[in-house]
1. In the chain, with Lys and Arg counted as +1 and Asp and Glu as -1 at Cβ, which of these residues, VAL398, GLY98, THR473, has the Cα nearest the positive end of the dipole, that is, farthest along it?
2. Go through [x] 34.7; [y] 30.5; [z] 23.7 and flag the label whose value is the computed mean projected area of the Cα convex hull in nm² for this structure.
3. Run the dipole for segment 112-216 about the Cα centre, Lys and Arg Cβ at +1, Asp and Glu Cβ at -1, nothing else charged, and hand back the magnitude in debye, nearest 20.
4. Do any of LYS108/LYS422; LYS292/LYS353; LYS436/LYS479; LYS479/LYS503; LYS436/LYS485 go past 20 Å between their Cα atoms, and which?
5. By average Cβ neighbour count within 10 Å, what is the ranking of 49-59, 138-148 from highest down?
6. Just to be sure I understand: if I project the alpha-carbon convex hull of segment 156-256 onto a plane and average over all orientations, what area do I get in nm²?
7. How big is D for segment 156-205, in µm² s⁻¹ as a whole number, if Stokes-Einstein is applied with the Kirkwood radius of its Cα pairs at 37 °C and 0.692 mPa s?
8. Using a 1.4 Å probe, how large is the accessible area of MET307, given in Å² and rounded to the nearest 10?
Amino acid sequence: MPHADFVHLRVHSAFSLSEGAIHIKELAELCQHGEMPAVAITDTGNLFGALEFSETMVGAGVQPIVGAAMALRLEGGEAGGLPIEPDRVVLLVQSEAGYENLSRLSSKAYLQSDGGETPQIDMADLRQWSDGLICLSGGAEGPVGRLLVAGQTDRARAVLVALGEIFPSRLYVELQRHGMAEEAACEGAMIDLAYELDLPLVATNDVHFTYPAMYDAHDALLCIAQKHTVSQTDRRRLTAQHYFRSSREMRALFADLPEALDNTLVIARRCAYRVPMRDPILPNFDEGSDEKAAMRAMAESGLVERMNALGIDPNSERATPYRDRLEFELGVIIDMGFAGYFLIVADFIQWAKAEEIPVGPGRGSGAGSVVAWALKITDLDPLRFGLLFERFLNPERVSMPDFDIDFCQDRRDEVIRYVQDKYGHDQVAQIITFGKLQARAALRDVGRVLEMPFGLVDKLCKMVPNNPANPTTLPEALKAEPRIKQVMAEEPGVDRLFDVAMK
């Protein structure tokens, strides 16, 4: 089956937070429509979307190429005594070793950087963790491009040589043509250096949105993130060319350098790696101990305490349903390999209670477990309320159990610190959820960056129906509220406000 003769190697998805505007499913559809056999995701400094990207692309018949655009700090990266913004290079994964190394680089960038600065790495980090990775030099935003624009040709050459030593036969000199002045200013010198050092060229488009018509909305997104307005000139700007160009458009744009386009396919063939699905990895509750026996003993003694507190003789007939349910649940938990998980959760909840940190009684499907009740993870008697254990753990649907636990917000950090200190800081992760702007919030933020009168924007926002349980979208609001269309006809700029906010 014929396929396109170019693939995108530099795409920012929505996981480039407040910067990229392409959802993973959209990206798969764009590749299918353009008959592109492969595509790379290169979000800014992170691998948040790597697994979803790999699974979605494989399902769509497109080869996934996992990567990231990393901020690289060079020695002497100051101007006038002040640090300059770090340069960008793109790292693409070739193998399992490369994925592990890129994960290390991304993690170190966040962990070693101060909260107020861009997460970044340095050349020493690249030297340590370069195996299994292909490096694109970054175009005009990269260290070579920046130095060439500044007239520092010798230093640019030295940086390119150093990168070539770190990535032998795995370094490509990246060219981009978005119509930006700095790209034109360094392209000729960059090509000369590539030929002089016998380094291959590669053409990329720094994709941030789907089509040119999305440019205004994406520009507003950047302004929202930077707390700027669209009229400000001293801010980061992209162009309408930072979209998902077709293979034909790229061939026309780089008609003078077909080798740079051919090399996108060469790189795709070198990066045949898919992020694997992995089972959860849990730390040991107690190194060297028998977790199954420990959980059984704790659960049985805990159940006796619970029944005594209810005035039930543990040896009476009234205790039989509790003992039968406990035995059944223990069998399921042990067979599914989650004994250590229950012990860990029970440990930090009991510690919190001992430290008089308020803990919720139990919420969600975990409240249906007698074992959890016996271990004092929850405080609800599942049999009294007829709660089903199978809603929490079911051998026919193997999935990680998930306890919803509420700690007092004033002392929650103490519980997190306890878990980190006991099980290892490198074993404990804190996660976030990705939020999106709902209708009213989108209108307010876009109205601000478009510098529209606050009173007008506020009036429009109040016309949008507010239903937190089932949020109203802007297209739905336009259909449901005729007053919005009336204001749109009377007030200039309101139609643009809604167009940008909806996108």
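1. Ranked along the dipole, the leading option is THR473.
2. [y]
3. With only Lys, Arg, Asp and Glu charged at Cβ, the dipole is about 160 debye.
4. LYS108/LYS422; LYS292/LYS353; LYS436/LYS479; LYS436/LYS485
5. Result, highest mean first: 138-148, 49-59.
6. 8.1 nm²
7. 290 µm²/s
8. Only protein atoms counted, so the area is about 0 Å².
The values are calculated or read from the model by the stated rules, or taken from the named source; none is laboratory data. All values reported here derive from a predicted model rather than from experimental measurement. Cβ sites come from the backbone with ideal geometry, for glycine too, and all protein chains shown count toward neighbours. What goes into the accessible areas is simple: the full protein's heavy atoms, side chains included, and nothing from ligands, DNA or RNA. Shrake-Rupley method; radii C 1.70, N 1.55, O 1.52, S 1.80 Å.
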